[in-house]
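Written below as structure tokens is the structure these notes are about.
The values are calculated or read from the model by the stated rules, or taken from the named source; none is laboratory data. Because the structure is a prediction, the values reported are computed rather than measured. Glycine also receives a Cβ, built like all others from the backbone with ideal geometry; neighbour counts cover every protein chain displayed. The protein model used for the area step is the full one, side chains on, heavy atoms only, and it has no ligands, DNA or RNA in it. Shrake-Rupley method; radii C 1.70, N 1.55, O 1.52, S 1.80 Å.
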Amino acid sequence: STRKESSAASDVYKRQSLRRSVRQLASGRRPLHGALMILHQILSGKTQTLTDLSTVINPHDGLILIGDGCYQISNRKLTAMTSNIFARTQDVDCRGLANLAQEIDLKLINDAEWVGLTLRFNKVVSWK
């Protein structure tokens, strides 16, 4: 009984907190309980992609390079955007970019870790 009451109280608190955060986001403000973190998935090697992204990315956001997006490793704008930069090991290796990835302290991840990243961030946005 006590466990059910505690669980019910916790659920009510979570719903109230979520409603408050949604209202704050709708009004253009950040939630009080932490920043809304977005995982930006870069799928394109075009330099314009990072130029566009630089206008909206926040330091708390994450950035993952996938497929041809791995060619962005050589773009100097990349490390100025956030310190949370990831790339799929398989994509980096097959494009011969492993040495460049080490130079900029890129975090190489596998597919399971990629899935984990999508769960860690509040929102995922793909850039083509």
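Here are some notes:
- Positions within segment 50-67 being of a type in the set (A, V, I, L, M, F, W, C) and in a helix (DSSP H, G or I), in sequence order: Leu50, Leu53
- When residues of segment 80-90 are limited to those that are modelled with pLDDT of 95 or more and touching a strand residue (DSSP E or B) at 6+ places or on another chain (Cβ under 7 Å), the one least open to solvent (accessible area, probe 1.4 Å): Ala87
- The residues of segment 109-128 that are over 19 Å from Pro59 (Cα atoms), assigned to a helix (DSSP H, G or I) and not β-branched (Val, Ile, Thr), listed by number, are Asp111, Ala112, Glu113, Trp114, Gly116.
- Scanning segment 115-128 for residues that are surrounded by fewer than 17 Cβ atoms within 10 Å (Cβ to Cβ) and out of contact with any His (no Cβ under 9 Å at 6 or more places or on another chain) gives Val115, Gly116, Thr118, Leu119, Arg120, Asn122, Lys123, Lys128.
- Glu103 more than 15 Å from the chain's Cα centre (by Cα), among the acidic types (Asp, Glu) and either more than 20 Å from Leu53 (Cβ to Cβ) or open to solvent by 70 Å² or more (accessible area, probe 1.4 Å) (or both): yes
- Meets criteria (at pLDDT 95 or above and open to solvent by 40 Å² or more (accessible area, probe 1.4 Å)) for Leu43: yes
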